Amino acid sequence: MKRLLLAALLLTACAPTALRQTVPAMLQASFSSAGVLWSEGGKVTLARAPAFQKVQVKVPAGVTAVGWQVAGYERTPWVALGQLGLLLTADGRPVTVQAGRVVALSGTRAYREDGSTAGYDGGAGSGLLGRPDAVVTGGDGADYAVQNGSLYRLGGGAQTLLSGAAQPYLYADLTGAATANAPTAITPDGRYVLTGTALERRDAAGVLLASLPHPVGLIGVIGNLIVTLQPGGTLRFFAPDLKELRP
């Protein structure tokens, strides 16, 4: 398994930006080229590529968000403890940052419940007017947010309305970000969707290319792998053609 995963990871030199999605049952996750970080029922788990060995991250109670900081080629996993006003790194010697009541993390910023932001160094920044429902750093490097059914592009101290009919799941695509009715991930090989009963691969026109049974969960891209996370911490790994890579 490790050899197959490592080979798949080496096929790509630039992975999509980390994204954050949520599903019912208190599960939230963030995927990046470095691995996957998730929180479920207050417990935080980190699985780094290419081995994807699961490591429990010891954090105080009250996890409100998880995410990967993207800085050049570096990817750093963070956990937000909104009630304590803290950000904590989730690997190695923990770094603690005072950030306020954070409710969401993008690749570059922590978003507080009032929509204002803090950098991962604690510095203040502009964000959104009001609490975000979800945020992601898009394929163009800008942050995007969903709030009350609207999709915004953020930057330069402004928020630009892209859609007043945003769907429930926010995801990064190759040129920015978009929303969908089900957890979605985009690569040059296609659009991958977890419908709740299946994992589907579709082309840019929406034509179904492949499908296999799969329960509800979250989906992300790690290197050249399509990775899914099910409630309870089950990880599954797929090649771009949806051939499953089994341990």
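Residue count for the stretch 127-150 satisfying the condition of being surrounded by 22 or more Cβ atoms within 10 Å (Cβ to Cβ) and either more than 14 Å from Ala104 (Cα to Cα) or basic (Lys, Arg) (or both): 1. Within the stretch 206-228, one or more residues are out of contact with any strand residue (DSSP E or B) (no Cβ under 7 Å at 6 or more places or on another chain) and more than 23 Å from Phe52 (Cβ to Cβ).
The residues of the stretch 117-142 that are farther than 18 Å from Thr160 by Cβ, of a type outside the set (Gly, Ala, Ser) and without any contact (Cβ under 8 Å) to a residue 40 or more places away in the chain, listed by number, are Asp121, Arg131.
Applying the selection to the stretch 165-178, what residues are open to solvent by less than 30 Å² (accessible area, probe 1.4 Å) and over 16 Å from Glu200 (Cβ atoms)?
Ala166, Leu170, Ala172, Gly176, Ala177, Ala178
Examine the stretch 158-171 for a residue that is part of a loop (DSSP other than H, G, I, E, B), touching a Phe, Trp or Tyr at 6+ places or on another chain (Cβ under 6 Å) and small (Gly, Ala, Ser), and state whether such a residue exists. For the stretch 158-171, residues part of a loop (DSSP other than H, G, I, E, B), touching a Phe, Trp or Tyr at 6+ places or on another chain (Cβ under 6 Å) and small (Gly, Ala, Ser): absent. Please work out if Asp143 is in contact with a strand residue (DSSP E or B) (Cβ under 8 Å, 6 or more places away or on another chain) and farther than 18 Å from Gly85 by Cα. In short, yes.
Of all positions in the stretch 3-13, none carries a residue that is open to solvent by less than 20 Å² (accessible area, probe 1.4 Å), more than 21 Å from Gly139 (Cα to Cα), hydrophobic (A, V, I, L, M, F, W, C) and at pLDDT 95 or above.
Checking each residue in the stretch 189-211 for being on the phi > 0 side of the Ramachandran plot and touching a residue at least 40 places away in the same chain (Cβ under 8 Å) picks out only Gly190. For Val23, the test of being surrounded by 13 or more Cβ atoms within 10 Å (Cβ to Cβ), β-branched (Val, Ile, Thr) and modelled with pLDDT under 95 is passed.
The values are calculated or read from the model by the stated rules, or taken from the named source; none is laboratory data. Computed from a predicted structure; not experimentally measured. Neighbour counts are summed over all protein chains in view; Cβ atoms, including those assigned to glycine, are modelled from backbone coordinates with ideal geometry. SASA here: full protein model, heavy atoms, side chains in, ligands and nucleic acids out. Shrake-Rupley method; radii C 1.70, N 1.55, O 1.52, S 1.80 Å.
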